[in-house]
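Here, each number is a calculation from the coordinates, and none is a lab measurement. This is a predicted model, so every value here is computed, not measured. We place every Cβ from the backbone using ideal geometry, glycine too, and count neighbours over all the protein chains shown.
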Amino acid sequence: MIPIVPLASTGASAPADTKSLWLQPGQLSLPASPPLSLYVHVPWCVRKCPYCDFNSHAVPGAADSHDIPEDAYLDALRADLEQSLPLVWGRPVHTVFIGGGTPSLLSAAGMDRLLSDIRTLLPLDADAEITMEANPGTFEAERFASYRASGINRLSIGIQSFNDRHLAALGRIHGGGEARAAIGIALDNFDNVNLDLMYALPGQTLEECAQDLETALSFNTTHLSLYQLTLEPNTLFAKFPPALPDDDSAYEMQDLIEARTAQAGYRHYETSAYARPHREARHNLNYWRFGDYLGIGAGAHGKLSFPHRVLRQMRHKHPATYMAQAMAGNAVQEQHDVGAADLPFEFMLNALRLTDGVPASTFFNHTGLPLHTISRELAAAEKKGLLEADLATIKPTELGRRFLNDLQEMFLKG
Ligand code: SF4
């Protein structure tokens, strides 16, 4: 693996220099650029949830944009985007995802400005999917109508549970009533809505999981994301772990979720994602297909392809540092090109999450490596019954989806 290189040590001091640096000959040979998406990070939340390892910073008592440095942050995002343009020049952007944090802390005018900056600077597809994340407790009907009018056309709501006791255990700022009210406001304004829910919560029974699921299904949204709660390093839950349901109970919950979502007409198309027909999350599909994404905002990650390399970037993480550095022309804290030895694993880490897998040609098209680079690993995974691979498709079997980590690890190089 090629180590992460602080930007300063690459000698790249201006965007144009950076671009020419990444255009130099390299180990890979990509036939074309993969589809491009844009990710925008908004790093503030009202409170830090004890399970959360995202780059989110608590603004205690925050109710809206007055409590965060909105104007300064929007200035920094625009500066960051302007500095990034040489790296994606002329490439159409198919999807935008405004995530966090809690983007619904932004004012209607602030969101309008952000979208207009994006449209001014990037060639956004006419039918681009533009998703925004929102959390109950920050919903205000008029503001959400404005978000829609500004061009947001998909909403992803962090519900997590409808059960007050579990929401309190998760440290969320909302209760079940607010979760329901938020979905009502969302559905009044948007026809494409995702609900994020978690299961295997502290003290949760199978019946309580079923109740959460039935409540979520009753809203008939286009998309559901159902995540098992895991204890991530550097979180409060990792330090003071709550008692979670055991593995067998978590499996039972997963089986219940798969059965009920299928009955209700959702397709389980990715490890944690369930969609109505043709309502898959296009932005996330681009990640899973190893597409490109420019990531702007505090701590945002990006992946960009060039004819002979795949570049990964990370912006400065702390909001204050990010804003200062972006305004000084240095939003990127670290970047490195992904070595040829690491690309197969990075590709498979994403592609194997998809129930249908990916066309085999995607491997060459998006890594610049011939498929025979991984023929030994493909054959070994097939022999174990974890994978179906032919010249047309690379696809996990049902067993492979259940033991996804084992399958993905088979593509790790020595
Ligand atoms: S609301 Fe979401 S992003 Fe914010 S702290 Fe909680 S889990 Fe993290």
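Amide H to amide H, which residues 5 or more places from residue 227 or on other chains are under 5 Å from it, using H placed in the peptide plane?
Long-range HN contacts for residue 227: 197, 198, 199.
I need 22, 89 ordered by Cβ neighbour count within 10 Å, fewest first.
89, 22
Please report the spacing between the Cα centers of the range 243-283 and the range 123-138 in Å, no decimals.
Each part's Cα centre sits 23 Å from the other's.
Please give the contour-minus-distance gain from residue 240 to residue 361: 0.36 nm per residue of separation, less the Cα-Cα distance, rounded to one decimal in nm.
Extending this stretch completely gives an extra 39.0 nm.
Scanning the chain for helices, which whole DSSP H stretches are 15 Å or more long along the axis (Cα) and average -0.5 or more by Kyte-Doolittle?
Passing helices, by number: 70-88, 108-121, 176-189, 206-218.
Can you give the Rg to Rh ratio of the chain, both from alpha-carbon atoms, with Rh computed by the Kirkwood formula?
For the chain, the value is 0.95.
Within 10 Å of each residue's Cβ, count the other Cβ atoms and sort 221, 235, 393 from fewest upward.
In increasing order of surrounding Cβ atoms, one gets 393, 235, 221.
Return the long-range amide H neighbours of residue 52 (sequence gap of 5 or more, or a different chain), with a cut-off of under 5 Å between placed amide H atoms.
Counting only residues 5 or more places away or on other chains, the set is 236.
For the chain, list the cysteines whose Cβ sits under 4.7 Å from no other cysteine Cβ?
45, 209
Below 21 Å Cα-Cα, how many Lys pairs turn up in the chain? Only count pairs eight or more apart in sequence, or on different chains, if you could.
So the count of such lysine pairs works out to 10.
Most exposed first by the Cβ proxy, i.e. fewest other Cβ within 10 Å, how do 185, 173, 68 rank?
Neighbour counts put them in this order, fewest first: 173, 185, 68.
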